Every structure is written in structure tokens, then in C-alpha cells.
Amino acid sequence: MEDFSAFVGLSRPTVSKYFNDPTSVRKKTRDIIEAAIKKSGFRPNIFAVNLNRRRTNILGIIVPNSTDPFYMALTRRIEGIAEQTGYLAFVLSSDGKPELEERAIETFKSMNVAGAIIGPLGVKSHHDKLAKLGESIPLIYVDSPLDATSPFVGTDNRQSFKLIVDYLTRSGDQPCYFGMSPVNSNAYERREAYNEAMKNLNLEPRFVKVDPGLTWEFEKFAFDATARILREGGFPTKTVLCATDRIAFGVVAAAYQAGLKVGRGADCDLRVAGHDDQPLSRYMCPPLTTVAQNYNEIGRLAIKLLFDKLGENDEAKIEIPADQRILLNAEIMLRMSA
């Protein structure tokens, strides 16, 4: 910055003032600085600049799996809104590993981020470290809550499973439940939501027995388990409700390889339904019946809630519940798989 100030022939405070807010200097001065930027190619180190601020314009995002289409869509939405508001969203993935989640937390502390949106690992999360980080900056949790009191935006699993269980039982054989690997609290909440929905219909819940090991490779996890189940005689019922669409992808692939026809027609051997409405769900064969999480709205509300905590003025105010937990309803997507 010192070198650039000398190059442009202006004082460092004036140059710094421009980079903090270009409209804060006179147009003539702004034109001189912008011409010098083009000629020199100078760009300030945004991290160094932010370290000198009481509150930075950097937002942190931690997701548990950067290749999961749901998290990809969610972070894209958050990044877009952050950019429009003058913030830089910095995304890190824990890749399902607690040591990487801890490193991400420490990285954001060193970057002096203004706040963060986090998809926690849940049972493996560093609760104490996250709680300590939350004492210095606002944190918003998405997809799966850290605990019962932290600010959270996500889908109402009880509503979504009631919706899909009601449909499946009315349209055919009652569904058995194929759970997800217990990588976060969704694994437990969705299992219990299915259990509750079945009991409300006076039906016996039927659970598919799978290996409880931890993995984010949901498709392989489901494919291998389904291949074993089919060799051993098949599922408890002819309708399989999966905890996520990615589980359903593995089930459908294994069923196809076993020569079974998936769908809701009279000539079909198995119905398969999912949860989430991943971007690929409508294009698989057959297209997957599922319940859709509104990831655009989850992302919008999460960053709006974060901005509210940061005291940002925003005309589009949102109504925040007293417990700071926003649960969105899911929408059923009826397709050919069930």
C-alpha cells in the first residue's frame, strides 16, 4: 500500500479510504486511483486489510462435504448474497473429518471473520470449540443443528417425512426405511421422523438393517448394502424410503444390476423414494420421487439471520423465532420411482 501510494502520488490514508469505500473520495481522486490500478495491476491484500479492522467483511462457511450437490447449491446461494452485500464468503470443507473441522474453525479465527455459517458434523463436532468461536462472532447452523439451542435454519424433518410416508402408504405398500450413515444429527432425526409418521398411521415401522459405519460415500454405502440385502432375500417391504436421495441412487443402481424394475407401475418389483431433491434426482432412471429441501431459501434465510446478528441494515427483514430456529416445510416431488 505504501508503494502504491507513492506510485499514484497520493497519501496512504486517501488510498486506504478509497479501497475501504471508493465513493468516500472525490471523483477526481477516484479516477486517478483507478487509472493507477489499471496501469500497475495493484490489488490490496484483503486478508491483511481485514486483520486491521474491528469487524471484517469476510464471512466463513464450513460444509461437511464439498462434493455433495446439496451443499454445493447451498454455498452458491450464500456466496451470491454475500457478494451482493459487499462481503466475501470463504468456504472450507471438513470432508466429514473432525480434525479438518477443527482446522477450519482455527482458520476462521485467524482470519478474523465477521461471522460464519456452518453445517456441523454433529456427533463428531467440536462443540466446545464452536461454542467458544460463537462467543466472539455470530454463528448460524444449517442442514443439521449443532444442539437444541444454537441458531439454525433447515428443513422440518417431521413435516417432510409425514408428507412422503402418507403418500407412499396411500399409493401402495407401506415403506420400510433405509437410513443414512450417522454422520450428523439428520441421521437420527430422520429415522425418528419416519418412526413417528408410521406410528401416527398405526403402522409398524420397518427398518432396513445396514452397517452403522461412518461414511459420506452414501451411494456406495447404499449400493453395497442393497446388493447384500437382495442376495439375502430382499427388503422388508416392496417400498423403500431412503433418508437421502444419494442413498436412493445406490439402491436403484443395485436393484437394476440385480434385474429388478424400479417404479410405480404394476409390472415393477420395487418402489424407491428419497429425501432432499438433489439436482440429479429428476434425471435418473426412473426419475426419483422425493421431498424437496428448499436449499435456496435455506441459504437466503441463513445469511439474512447472520446479517441480522451483525446489525446490517436490510429492508427485507425476516421474522426470527424466539429460539432462533427456522424450520422450512418440504414439498413432495412425484416422479416415476414410487
Q | For the range 66-79, 3J(HN,Hα) per residue [Karplus equation, 6.51 cos²θ - 1.76 cosθ + 1.60, θ = phi - 60°, Hz, x = Gly/Pro] | A | 6, 8, 5, x, 4, 5, 4, 5, 5, 5, 4, 5, 5, 4
Q. What residues qualify as long-range amide H neighbours of V291, i.e. H under 5 Å apart, gap of 5 or more or another chain, H built at 1.01 Å from N?
A. G274, H275, D276, D277, M333
Q: Sum up the charges of everything whose Cβ sits under 12 Å from the Cβ of A292, counting Lys and Arg as +1 and Asp and Glu as -1, but leave A292 out.
A: -3
Q) Å³ per residue of the Cα convex hull, for the range 202-262? A) 95
Q: Report, in whole Å, the centroid distance computed from the Cα atoms of the range 62-95 and the range 177-251.
A: 28
Q. How about K238: which lysines have a C-alpha closer than 16 Å to its C-alpha, ignoring those fewer than 8 places off in the same chain?
A. K209, K261
Q | Per-residue [θ]222 nm for the chain (sum of -39500 (n - 2.57) over DSSP H runs n ≥ 4, rounded to 500) | A | -14000 deg cm²/dmol
Q) For the range 87-158, what is the Kirkwood estimate of the hydrodynamic radius, computed as the reciprocal of the mean inverse distance between distinct Cα atoms, to one decimal in Å? A) 12.6
**Q.** In order through the range 294-308: 3J(HN,Hα) via Karplus (6.51 cos²θ - 1.76 cosθ + 1.60), integer Hz, x for Gly, Pro
**A.** 8, 5, 4, 6, 4, x, 5, 5, 5, 6, 5, 5, 5, 4, 4
(Q) Quick one: 3J(HN,Hα) in Hz for the range 180-195, Karplus 6.51/-1.76/1.60 with θ = phi - 60°, rounded, Gly and Pro as x. (A) 9, 4, x, 7, 7, 5, 4, 4, 7, 5, 6, 4, 5, 5, 5, 4
**Q.** Segments 223-235, 272-284, 300-312, 255-267 sorted - mean Cβ within 10 Å per residue, highest first
**A.** 272-284, 300-312, 223-235, 255-267
Q: Arrange the peptides 159-167, 330-338 so that the one whose residues have, on average, the most other Cβ atoms within 10 Å appears first.
A: 159-167, 330-338
Q. So what does the Cα-only Debye profile of the range 251-338 read at q = 0.12, 0.20, 0.21, 0.25 Å⁻¹, as log10 I(q)/I(0), no solvent term?
A. -0.53, -0.88, -0.94, -1.17
(Q) On the principal axes of its Cα set, how long, how wide and how thick is the chain? Give whole Å, largest value first. (A) 80, 41, 38
Q) Which pairs in the list K97/K304; K109/K309; K38/K109; K129/K309 are over 24 Å apart, alpha-carbon to alpha-carbon? A) K97/K304; K38/K109
Q. Taking amide hydrogens as modeled 1.01 Å from N in the peptide plane, which residues meet the under 5 Å criterion relative to L328, leaving out close sequence neighbours?
A. G154, T155, D156
Q) Relative to the longest principal Cα axis of the chain, at what angle does helix 127-136 sit, 0 to 90 degrees, rounded to 10? A) 30
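Each reported figure results from applying straightforward, stated rules to the coordinates on display, with no laboratory input. Just so you know, these numbers come straight off a predicted model, no measurement behind them. Please note: Cβ atoms are built from the backbone with ideal geometry, for glycine as well, and neighbour counts cover all protein chains shown.
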